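Enquirer: Structure incoming, see below.
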Amino acid sequence: MPLLLAFDDEAAPAQRLLAALNTAAAGATEPWTLAFVQRHRFPDGEWRLRLPPELPAEVALYRSLHQPNEKLVELLLAAPAARELGARRLWLVAPYLAYMRQDAAFSPGEVVSQRHVGRWLAAAFDGLITVDPHLHRVATLAEAVPVAEAHALSAAPLLGALAAQRRPGALLLGPDEESAQWVRQAADAAGLPAAVARKVRRGDREVEVELPALDVRGRAVVILDDMASTGRTVARAAAALRAAGAASVDVAVTHALFVGDALAAMQAADVGEVWSTDSVPHASNAVALAPLLAAALQRSVRSFQISGNSTTSSILRK
Ligand code: R5P
């Protein structure tokens, strides 16, 4: 019986994934069960983790990697321990995959975090399922995280459908060139018009957004992106749209990181509603990812069983 392993601070999304895994829609053949990794923090800050002492062959670990630094240590401890305890194939289900934006050295000596975090994860897991990873200069998830089964799902069609439902006929606007991939998918799925702006980033909170040449006067616009972190990209785009006469500006993002005063900055720019997926728990969550994740995990498990990918992955693990 396959096992979903999760951490107590993500019990709610893990429960939703478990329920979705055990539906015919996801292609369930045998029931999944759910167990939690128990954590104890020692006074000096180190973790003691405890997994169920006997694990089945198929194990998927659920960990969304927002606020990633401590979680990466947890994964680096839990994954090899899971193999010692009986797991033969190990998946990571990480709806938000961290460290994907640092995909190049922008100055001499700068660490390409994407490459190194990708290699850690590939050494620890056989399969990875994630949603809208920030792939820009690196084209595929398998290049960034070279696991045997690498699945990058997209929530863009779901967000597009939601935008079309809440703001029929709205213009979808991607705030920068990286967002073109998600905006295109959302627009195709929802039958909405789309455009992409240009962004120049000068610092963590200093960005400039230049709108494409088109008339937005009186139009409802939904800014769509993979994530909002400080919210400055969205805020600058929203301010420019309002100045250009947009009737309303709402926001749809896959990953609601919204750090610090992000929401306040967006509100100050006259953003209306904000919709996100539940990859990162937030009050703006409007799209549940569990059905998408469950179907992909079931497919990936079957693919391993049919192709015997475990040989490839055991080579990758060395
Ligand atoms: C980067 O290109 C991403 O797609 C987002 O646009 C970016 O991470 C948003 O960051 P912030 O909210 O801090 O402007």
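Values quoted throughout were computed directly from the atomic coordinates according to the rules given, and no laboratory measurement underlies them. In this text the structure is predicted, and so the values were computed from the model without any measurement. Reconstructed Cβ throughout: ideal geometry from the backbone, glycine too, with neighbour counts over all protein chains shown.
Enquirer: Angle check, please: helix 156-166 long axis (alpha carbons) against the longest principal axis of the chain (alpha carbons), in degrees 0 to 90, nearest 10.
Expert: With rounding to tens, the tilt is 50 degrees.
Enquirer: What ³J(HN,Hα) values, in whole Hz, does the Karplus curve 6.51 cos²θ - 1.76 cosθ + 1.60 give for the range 122-130 when θ = phi - 60°, with x put for Gly and Pro?
Expert: In residue order, the calculated couplings are 5, 6, 9, 10, 8, x, 9, 10, 9 Hz.
Enquirer: Is the shape of the range 166-318 rounded, prolate or oblate, going by the alpha carbon gyration tensor and its root eigenvalues a ≥ b ≥ c, with a/c under 1.5 for rounded and a/b larger than b/c for prolate?
Expert: Judged from the Cα gyration tensor, the range 166-318 comes out prolate (a/c at least 1.5, a/b above b/c).
Enquirer: Using helices alone, I'd like the mean residue ellipticity at 222 nm for the chain: each DSSP H run of four-plus residues gives -39500 (n - 2.57), total over residue count, nearest 500.
Expert: The per-residue figure over the chain is -10500 deg cm²/dmol.
Enquirer: Take every Cα pair under 8 Å in the range 176-259 that's 6+ residues apart, average their separations, divide by the length, and report that relative contact order as a whole percent.
Expert: 28 percent
Enquirer: Shape of the range 52-164 from its Cα gyration tensor (a ≥ b ≥ c, root eigenvalues): rounded if a/c is under 1.5, otherwise prolate when a/b > b/c, or oblate?
Expert: oblate
Enquirer: Under the definition of Cα pairs under 8 Å and six or more residues apart, what whole-number percent is the relative contact order of the range 1-84?
Expert: Relative contact order for the range 1-84 comes out at 35 percent.
Enquirer: Still on this structure, please answer the following. If the viscosity is 0.692 mPa s and the temperature 37 °C, what translational diffusion coefficient in µm²/s does Stokes-Einstein give for the chain when Rh comes from Kirkwood over Cα pairs?
Expert: 160 µm²/s
Enquirer: Full extension from SER303 to ASP188: what is 0.36 nm times the residue separation minus their Cα-Cα distance, to one decimal in nm?
Expert: 38.6 nm
Enquirer: A further question follows. Using only the alpha carbon atoms of the range 1-63, find the Kirkwood hydrodynamic radius as the inverse mean reciprocal pair distance, in angstroms to one decimal.
Expert: Kirkwood radius, the range 1-63: 12.7 Å.
Enquirer: Something else: Output the relative contact order of the range 90-243, whole-number percent, from Cα pairs under 8 angstrom with separation of 6+ residues.
Expert: It comes to 18 percent, rounded to a whole number.
Enquirer: Another question, then. Charges only on Cβ, +1 for Lys and Arg, -1 for Asp and Glu: so what's the dipole of the range 202-318 about the Cα centre, in debye to the nearest 20?
Expert: 580 debye
Enquirer: If you take the square roots of the eigenvalues of the alpha-carbon gyration tensor of the range 14-101 and sort them as a ≥ b ≥ c, do you get rounded (a/c under 1.5), prolate (a/b over b/c) or oblate?
Expert: Verdict is oblate for the range 14-101.
Enquirer: Nearest 5 percent is fine: what portion of the DSSP beta bridges confined to the chain is antiparallel?
Expert: Taking every DSSP beta bridge within the chain, about 15 percent pair in antiparallel fashion.
Enquirer: Right, here's the next one. Report, in degrees rounded to the nearest 10, the 0 to 90 angle that the Cα long axis of helix 180-190 makes with the longest principal axis of the chain.
Expert: The helix 180-190 is inclined about 80 degrees to the chain.
Enquirer: Which of the chymotrypsin sites (Phe, Trp or Tyr not before Pro) found in the range 69-170 are loop residues per DSSP with 14 or fewer other Cβ atoms within 10 Å of their Cβ?
Expert: The qualifying sites are PHE106.
Enquirer: Rounding to the nearest 10 and keeping the result within 0 to 90°, find how far the Cα-based axis of helix 232-243 lies from the longest principal axis of the chain.
Expert: For 232-243 against the chain, the angle is about 20 degrees.
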